[in-house]
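Here's the structure, in structure tokens; my notes come after.
The values are calculated or read from the model by the stated rules, or taken from the named source; none is laboratory data. Worth saying up front: this structure is predicted, and the values here are computed from it rather than measured. Cβ atoms come from the backbone with ideal geometry, glycine included; neighbour counts cover every protein chain shown. SASA here: full protein model, heavy atoms, side chains in, ligands and nucleic acids out. Shrake-Rupley method; radii C 1.70, N 1.55, O 1.52, S 1.80 Å.
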Amino acid sequence: RFPLCIDPQLQASNWIKQREKSISAKTLQIATFRDDGFMKKLETAVQYGYGFIFENVGEEIDPIVNPILEKKYTEKNGQKIIVLGDNEVPWDDNFRLYMISKLGNPRYSPEVAGRTMIINY
């Protein structure tokens, strides 16, 4: 499961960014669910195995990422494919997703808790 960090002081955020920069400075993608182009960035990260951070996550997670959280990929011609919205995106096993919430005491639904690994900093 992918981590959902409860991080009001941004300790986890800073650590994850430093860790990802040590892997490759050019490949980390950062967005919020409110950003206009977050889907394109997410698709690129999934396809090429980049790290991706969703910042400022609230108590609800956009259902568009459920296929990623549930790792609902299929195989076509030996390639793993995941459907994001209307697009079929090749899945790279090196893809890393982090979700970070600045909320001090969020109340996540059982569905969110079941799809993610909640880490409270």
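Details
- Checked against (1) hydrophobic (A, V, I, L, M, F, W, C); (2) over 25 Å from Tyr121 (Cα atoms); (3) touching a strand residue (DSSP E or B) at 6+ places or on another chain (Cβ under 6 Å); (4) open to solvent by less than 20 Å² (accessible area, probe 1.4 Å), Leu84 passes all but a single condition, namely (3).
- Among residues of the stretch 67-80 being more than 23 Å from Thr32 (Cα to Cα) and outside any strand (DSSP E or B), the one that is nearest to the chain's Cα centre (by Cα) is Gly78.
- Search result, residues across the stretch 25-39 that are open to solvent by 30 Å² or more (accessible area, probe 1.4 Å) and either within 18 Å of Tyr73 (Cα to Cα) or aliphatic (A, V, I, L, M) (or both): Ala25, Leu28, Ile30, Met39
- Unique residue being among the basic types (Lys, Arg) and closer than 21 Å to Lys17 by Cβ when the list is Arg96, Arg115: Arg96
- Ser22 meets each of the listed conditions (1) exposed (fewer than 14 other Cβ atoms within 10 Å of the Cβ); (2) within 14 Å of Leu97 (Cβ to Cβ) apart from (2).
- All told, Met99 falls short of being open to solvent by 70 Å² or more (accessible area, probe 1.4 Å), at pLDDT 95 or above and under 16 Å from the mean Cα position of the chain (by Cα).
- Index of the failed condition, Ile64 passing every other in (1) outside any helix (DSSP H, G or I); (2) of a type in the set (A, V, I, L, M); (3) open to solvent by 40 Å² or more (accessible area, probe 1.4 Å): (1)
- Within this structure, Phe2 fails the test of being of a type in the set (A, V, I, L, M, F, W, C), touching a Ser or Thr at 6+ places or on another chain (Cβ under 8 Å), closer than 19 Å to Lys102 by Cβ and crowded, with 19+ Cβ neighbours inside 10 Å.
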